[in-house]
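Here the structure comes first, spelled out in structure tokens, and everything after it is commentary.
The values are calculated or read from the model by the stated rules, or taken from the named source; none is laboratory data. Quantities reported herein were computed from a predicted structural model and do not represent experimental measurements. When we count neighbours, we look across all protein chains shown, and the Cβ atoms used for this are built from the backbone with ideal geometry, even at glycine.
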Amino acid sequence: MKMFGKTTKLLVATAMLAGLSTVSLAKDKVYKWKLATTWGPTLSPFIDAPKNMAKLVKEMSNGRLIIRVDASNKHKSAFGILDMVKGGQYDMGHSASYYWKGKDINLLPFTSMPFGMTAPEQYAWFYYGNGMELMQKAYSKHKVLSFPGGNTGNQMGGWFRKEIKSVDDLKGLKMRIPGFAGEVMAKLGLTVTNIAPGELYTSLERGTIDALEWVGPGMDIKMGFHKIAPYYYTGWHEPATELQFLVNKKKFNKLPTDLQQILKIAIRVSAYDMYIQNYQMSAKAWSKMIKDYPNIKVKSFPTSVMAAMKKANKELLVEKTKNKPLLKEILDSQASFQKEVREWTKMSDYLYLKDNL
């Protein structure tokens with residue numbers, strides 16, 4: 001019995017040491033991931049968001065999770081991010097949901113919708129409405145998790161070679177404009193296309209397109225669009241363009257719990273940082289544009305054009321949600337949240353600006 005007792009104690013001690021060793025190994029294990037982006041290596045601030053996220057993850061995890069960020073010039077598939085993350089070629093991606101409206105229209109609303117929410121309103125919907133739950137529900141069939149990945153705020157309505165005075169002036173134009181806004185423009189008689197960021201200037205210069213929308217002054221001015229298309233229109237189509245971090249769900253579930261939390265925190269911080277970085281960039285660039293580029297003619301679309309856009313948008317929403325219950329659920333949620341939160345936006349931001357400009 002005495003011998004048995006010693007043996008039992010020895011086995012227990014060995015088991016405890018083995019358990020501690022397993023915990024230690026789990027904490028010491030280094031996970032190496034790859035992230036693919038839609039953006040080129042110098043497209044700031046879009047490329048900065050995933051780079052900042054990877055830096056934060058490495059620092060907060062003490063080097064246990066290392067994420068390599070590959071720009072589009074490396075993987076050569078700017079619009080293939082969802083498929084690459086879904087298929088496991090990449091563990092993560094950074095792109096925009098509306099690029100895949102042809103693949104899965106339920107993903108479309110998580111970037112931005114015409115005449116929709118502003119960036120603060122949309123962030124509130126994601127994190128304190130049911131936006132996150134609906135986004136995970138929509139992405140679940142692709143075996144991918146999605147998180148807000150950085151917002152541009154209200155985007156400008158685009159660069160045009162000629163002034164738009166009526167709906168007739170839009171007819172026959174070839175324009176680069178993605179998302180649901182592209183559907184609206186197509187309904188008004190434009191030929192709509194989507195072109196990778198690195199090919200935009202060349203397409204405009206060669207006449208492949210007559211007009212394009214990109215982001216706002218901070219990102220537009222260095223692209224040189226104003227040299228070819230001097231009419232710069234104010235926005236309507238993307239009031240809160242949210243990019244997305246995509247994560248392969250199987251890979252995420254294999255991470256220890258603490259690394260999962262570190263990843264989510266780093267994503268949230270870097271996303272908001274991109275929003276404020278872009279805001280500052282646009283403010284600075286706008287000052288430069290006024291001073292250095294007097295040839296740029298800033299315009300708002302005429303009332304008749306805006307009315308036609310709103311009408312087309314309303315008709316398309318009815319058409320697109322027919323027999324698409326999940327899409328309708330997402331859009332209804334956005335509309336309901338916007339209706340409620342917009343009253344406070346008017347009281348806080350709109351009236352403040354109205355009375356102090």
Considering every residue within the range 92-111, establish whether at least one is part of a loop (DSSP other than H, G, I, E, B), at pLDDT below 95 and among the small types (Gly, Ala, Ser). yes
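Consider the range 259-287. How many of its residues are more than 22 Å from SER95 (Cα to Cα) and surrounded by 14 or more Cβ atoms within 10 Å (Cβ to Cβ)?
From the range 259-287, those more than 22 Å from SER95 (Cα to Cα) are 259, 283-287; that's our starting set.
Of the ones still in play, those that are also surrounded by 14 or more Cβ atoms within 10 Å (Cβ to Cβ) are 259, 285-286.
Total meeting the criteria: 3.
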Tell me, please, whether a residue that is under 23 Å from TYR139 (Cβ atoms), among the hydroxyl-bearing types (Ser, Thr, Tyr), touching a helix residue (DSSP H, G or I) at 6+ places or on another chain (Cβ under 9 Å) and not in a helix (DSSP H, G or I) can be found in the range 57-76. no
So which residues in the range 60-77 are exposed (fewer than 14 other Cβ atoms within 10 Å of the Cβ) and either in contact with a Leu (Cβ under 6 Å, 6 or more places away or on another chain) or among the hydroxyl-bearing types (Ser, Thr, Tyr) (or both)? none
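Select from the range 201-219 the residues that are in contact with a strand residue (DSSP E or B) (Cβ under 8 Å, 6 or more places away or on another chain) and farther than 24 Å from THR118 by Cα and write down the one among them that is surrounded by the fewest Cβ atoms within 10 Å (Cβ to Cβ). If you could, list the steps in order and put the result at the bottom.
Of all residues in the range 201-219, those in contact with a strand residue (DSSP E or B) (Cβ under 8 Å, 6 or more places away or on another chain) come to 203-204, 208-214.
Then keep just the ones that are farther than 24 Å from THR118 by Cα; that gives 203-204, 208-211.
Numbers: SER203: 16, LEU204: 24, THR208: 14, ILE209: 22, ASP210: 20, ALA211: 24.
So, considering only residues that are in contact with a strand residue (DSSP E or B) (Cβ under 8 Å, 6 or more places away or on another chain) and farther than 24 Å from THR118 by Cα, the one surrounded by the fewest Cβ atoms within 10 Å (Cβ to Cβ) is THR208.
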Step by step: first the residues of the range 220-232, then only those that are under 30 Å from LEU82 (Cβ atoms) and out of contact with any helix residue (DSSP H, G or I) (no Cβ under 7 Å at 6 or more places or on another chain), then the one that is surrounded by the most Cβ atoms within 10 Å (Cβ to Cβ). Which residue is that? ASP220
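Going through the range 77-91 one residue at a time, which ones are in a loop (DSSP other than H, G, I, E, B), of a type outside the set (Asp, Glu) and at negative phi?
Pass one, the range 77-91, residues in a loop (DSSP other than H, G, I, E, B): 77-80, 88-91.
The next check asks that each one be of a type outside the set (Asp, Glu); those that pass are 77-80, 88-90.
The answer is SER77, ALA78, PHE79, GLY80, GLN89, TYR90.
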Verdict on LYS320 being among the charged types (D, E, K, R) and in contact with a helix residue (DSSP H, G or I) (Cβ under 8 Å, 6 or more places away or on another chain): yes
Residue check: is VAL215 of a type in the set (Val, Ile, Thr), in contact with a Leu (Cβ under 8 Å, 6 or more places away or on another chain), under 27 Å from GLU121 (Cβ atoms) and at pLDDT 95 or above? no
Within the range 102-119, how many residues turn out to be more than 20 Å from GLY157 (Cα to Cα), surrounded by fewer than 22 Cβ atoms within 10 Å (Cβ to Cβ), touching a helix residue (DSSP H, G or I) at 6+ places or on another chain (Cβ under 8 Å) and not basic (Lys, Arg)? 2
Out of ILE267, ILE262, report the one residue that is touching a Phe, Trp or Tyr at 6+ places or on another chain (Cβ under 8 Å), β-branched (Val, Ile, Thr) and in a helix (DSSP H, G or I). ILE267
The range 315-331 - residue that is without any contact (Cβ under 8 Å) to a residue 40 or more places away in the chain and surrounded by 13 or more Cβ atoms within 10 Å (Cβ to Cβ) and, of those, nearest to TYR123 (Cα to Cα): LYS328
Is it the case that the range 46-59 has a residue that's surrounded by 16 or more Cβ atoms within 10 Å (Cβ to Cβ), in contact with a strand residue (DSSP E or B) (Cβ under 8 Å, 6 or more places away or on another chain), β-branched (Val, Ile, Thr) and within 15 Å of SER270 (Cβ to Cβ)? yes
Counting only residues that are without any contact (Cβ under 8 Å) to a residue 24 or more places away in the chain and of a type in the set (Asp, Glu), the range 171-200 contains a total of 1
